[in-house]
Amino acid sequence: MNEPRYSSYIAGQWVEGGGSHVDENPANLDAPVGHYGVLDAAAVGQAVDAAAAALPAWSLAAPQLRAEVLDFVGSEILARKEELGRLLAREEGKTLAESIGEAARAGQIFKFFAGEALRIPGEKLASTRPGVDVEVTREPVGVVGIIAPWNFPLAIPAWKIAPALAFGNTVVFKPAEIVPGCAWALAEILSRAGLPEGVFNMVLGSGRTVGQALVAHPKLDALTFTGSVPTGRALLEQAAGRALKVQMEMGGKNPLVVLADADLDQAVECAVNGAFFSTGQRCTASSRLIVEAAVYDRFVVKMQARMAQLRVGDPLDPQVHIGPVASQAQLDTDLGYIRAGHEDGAELLAGGGRVDCPTRGHFLAPTLFAARASDRISREEIFGPVAALLRAADYEHALALANDTEFGLCAGICTTSLRHATHFKRHAQAGMVMVNLPTAGVDPHVPFGGRKASSYGPREQGRYAVEFYTTVKTAYTSA
Ligand code: NAD
């Protein structure tokens with residue numbers, strides 16, 4: 001076995017972990033990306049202890065040092081974005097162009113928070129009492145546990161690790177099981193960035209063992225989680241039991257409304273990009289396409305024509321638009337929902353099955369069903385390249401359908417009507433709204449997050465990240 005072996009990083013040391021688990025290449029199951037060892041609960045305990053021991057000094061470290069560390073990490077990621085993107089494409093399966101874009105974004109996020117480390121906000125106010133000053137300052141929240149999903153294995157860890165370190169916290173980062181290579185690559189860069197030992201730790205292993213040991217550790221002060229609703233809800237209950245500060249970003253079932261007055265070609269591009277790019281494995285994917293009756297038939301014809309042009313295959317091939325599904329488990333879920341679509345009486349308009357490619361991989365055709373709002377494929381998050389198309393009588397009906405979901409991450413509308421765009425921005429029950437843009441694809445310097453079952457706690461990213469990663473102190477001084 002010549003592939004790399006990925007290890008964990010605890011208190012400034014690489015820790016092998018037990019066993020030799022395969023880091024799969026979902027586009028070629030016969031050519032694994034590498035192998036990795038997993039930790040037990042005791043090793044995770046050591047990582048949290050190391051982060052706790054490093055906290056007093058790091059929480060008071062010069063902001064300039066924190067800025068320099070994060071700037072170093074950002075610069076190196078940007079300089080190596082092609083190489084890191086290639087690793088990401090091989091490990092997670094999104095196309096090379098998408099993967100390089102994600103690596104670049106991770107680098108930009110570290111750069112952004114390098115600046116934020118020097119801009120920690122505070123306030124000085126007059127007291128209600130004469131001769132007294134009031135200061136409101138922000139301090140680190142403490143030891144932060146980071147639990148991340150597999151679908152953005154560089155960008156999501158970046159948008160959690162960078163603000164945590166910028167604001168003086170120490171970190172234990174637990175990546176998803178199927179992306180140890182990207183986690184190792186990030187940790188390797190951070191290990192050379194000038195951080196004191198124990199400030200950043202990375203622990204490989206399952207959610208059940210490593211994730212649980214992290215969440216249950218008494219020295220953990222805060223938990224930021226991105227992943228599925230069932231896992232998030234279970235962790236939320238655990239966290240509430242011990243008054244842990246939490247931030248949760250979970251699933252989505254994001255609507256894209258297409259009105260009769262939309263530029264239909266633009267709407268089709270938004271729908272194809274939002275529903276199928278990155279193999280539909282984005283929490284912001286447009287998995288419900290809600291189209292006004294007057295243009296519904298024309299929209300279907302255009303979608304079918306556009307989808308026929310999409311090439312599924314090796315993510316490293318520049319001619320390929322859609323890479324493989326990331327894992328066998330996710331493929332089984334996707335195929336299960338395609339069966340559910342048929343069982344519920346939805347009409348298959350495109351795709352619907354696996355795609356044969358020269359290598360053995362998890363290739364699935366982008367799939368579109370004409371469905372009813374009550375069908376399982378219209379209500380439950382699939383997290384694959386499978387979208388439900390719903391017919392709406394008019395704008396009001398489309399808005400009602402868009403909001404008829406337990407989720408509330410992102411909502412989009414394609415229209416040339418200022419009145420409808422403005423109304424939709426105001427009334428869509430989502431944390432993010434897109435007008436004439438795909439629901440997926442957000443900027444890194446502004447808040448990211450949702451409402452309803454999609455999110456819990458303060459927003460991530462941009463200047464709003466300070467809310468979660470700091471705690472506020474109010475000090476009164478009499479001269
Ligand atoms: P998941 O919930 O299965 O796992 C997420 C992480 O939690 C992994 O690291 C996993 O190992 C860990 N975990 C699992 N069980 C655990 C436990 N009992 N204790 C502690 N940790 C545990 O999700 P996934 O399949 O990795 O990712 C897909 C999901 O992530 C989708 O639902 C998607 O919508 C969501 N997601 C949301 C956002 C967002 O910002 N809203 C972004 C990306 C992905």
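The values are calculated or read from the model by the stated rules, or taken from the named source; none is laboratory data. Here the structure is a predicted model, which means the values were calculated and not measured. In this analysis, Cβ positions are derived from the backbone assuming ideal geometry, glycine residues included, and neighbour counts consider all displayed protein chains. Note: accessible area is taken over every heavy atom of the protein model, side chains too, but ligands, DNA and RNA are not part of it. Shrake-Rupley method; radii C 1.70, N 1.55, O 1.52, S 1.80 Å.
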- Go through the stretch 1-19 and give me each residue that's in a strand (DSSP E or B) and among the acidic types (Asp, Glu). none
- Message: Exactly one of these conditions fails for Ala89: (1) open to solvent by less than 40 Å² (accessible area, probe 1.4 Å); (2) of a type in the set (Gly, Ala, Ser); (3) under 25 Å from Ala164 (Cβ atoms). Give me its number.
- Response: (3)
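Kindly check whether there is at least one residue in the stretch 71-78 that is under 29 Å from Gly384 (Cα atoms), assigned to a helix (DSSP H, G or I) and open to solvent by 30 Å² or more (accessible area, probe 1.4 Å).
Our first condition is that a residue be under 29 Å from Gly384 (Cα atoms); within the stretch 71-78, this holds for 77-78.
With the extra rule that they be assigned to a helix (DSSP H, G or I), the set shrinks to 77-78.
Retained after the next criterion (residues that are open to solvent by 30 Å² or more (accessible area, probe 1.4 Å)): 78.
Checked against the condition, which is being under 29 Å from Gly384 (Cα atoms), assigned to a helix (DSSP H, G or I) and open to solvent by 30 Å² or more (accessible area, probe 1.4 Å), the stretch 71-78 yields at least one hit.
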- Message: Residue under question is Val257, and the condition is that it be β-branched (Val, Ile, Thr) and either within 13 Å of the ligand (Cβ to nearest atom) or over 21 Å from the mean Cα position of the chain (by Cα) (or both); does it hold?
- Response: yes
- Query: Can Lys452 be described as in contact with a strand residue (DSSP E or B) (Cβ under 6 Å, 6 or more places away or on another chain), among the charged types (D, E, K, R) and either within 12 Å of the ligand (Cβ to nearest atom) or more than 16 Å from Ala166 (Cβ to Cβ) (or both)?
  - Reply: no
- Message: Looking only at residues that are out of contact with any Asp or Glu (no Cβ under 9 Å at 6 or more places or on another chain) and away from the ligand (no atom under 12 Å from the Cβ) in the stretch 207-245, which one is least open to solvent (accessible area, probe 1.4 Å)?
- Response: Ala222
- Among the numbered criteria (1) among the basic types (Lys, Arg); (2) closer than 30 Å to Pro26 by Cα; (3) assigned to a helix (DSSP H, G or I), which single criterion is violated by Lys111? (2)
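Would you confirm whether or not the stretch 384-395 contains a residue that is free of Cβ contacts under 8 Å to residues at least 60 places away in the same chain and in a loop (DSSP other than H, G, I, E, B)? Don't jump to the end; show me each part of the working.
Of all residues in the stretch 384-395, those free of Cβ contacts under 8 Å to residues at least 60 places away in the same chain come to none.
No, there is no match, as no residue in the stretch 384-395 is free of Cβ contacts under 8 Å to residues at least 60 places away in the same chain and in a loop (DSSP other than H, G, I, E, B).
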- Message: Quick check on this structure: which one of Pro157, Pro149 is in a helix (DSSP H, G or I), within 14 Å of the ligand (Cβ to nearest atom) and closer than 25 Å to Pro385 by Cβ?
- Response: Pro157
- Message: Taking the criterion of being open to solvent by 60 Å² or more (accessible area, probe 1.4 Å), at pLDDT 95 or above and not acidic (Asp, Glu), would at least one residue in the stretch 252-262 satisfy it?
- Response: no
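Given the structure, is Glu82 farther than 23 Å from Leu195 by Cβ, assigned by TED's automatic domain parsing to the domain that holds Gly115, touching a residue at least 60 places away in the same chain (Cβ under 8 Å) and within 24 Å of the chain's Cα centre (by Cα)? So that I can check it myself, show each step before the final result.
Details: farther than 23 Å from Leu195 by Cβ: yes; assigned by TED's automatic domain parsing to the domain that holds Gly115: yes; touching a residue at least 60 places away in the same chain (Cβ under 8 Å): no; within 24 Å of the chain's Cα centre (by Cα): yes.
It is false that Glu82 is farther than 23 Å from Leu195 by Cβ, assigned by TED's automatic domain parsing to the domain that holds Gly115, touching a residue at least 60 places away in the same chain (Cβ under 8 Å) and within 24 Å of the chain's Cα centre (by Cα).
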- Residue tally, condition touching a helix residue (DSSP H, G or I) at 6+ places or on another chain (Cβ under 9 Å) and either open to solvent by 10 Å² or more (accessible area, probe 1.4 Å) or farther than 20 Å from Met307 by Cα (or both), over the stretch 367-381: 8
- Message: Any residue that is in a loop (DSSP other than H, G, I, E, B), within 16 Å of the ligand (Cβ to nearest atom) and open to solvent by less than 30 Å² (accessible area, probe 1.4 Å) - is there at least one of those in the stretch 416-426?
- Response: no
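Yes or no: Glu406 more than 22 Å from Ala262 (Cβ to Cβ) and open to solvent by less than 70 Å² (accessible area, probe 1.4 Å)?
Criteria not met by Glu406.
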- Working only within the stretch 429-447, note down all residues that are within 16 Å of the ligand (Cβ to nearest atom) and either within 22 Å of Gln266 (Cβ to Cβ) or open to solvent by less than 10 Å² (accessible area, probe 1.4 Å) (or both). Ala430, Met432, Val433, Met434, Pro438, Thr439, Ala440, Gly441, Val442, Asp443
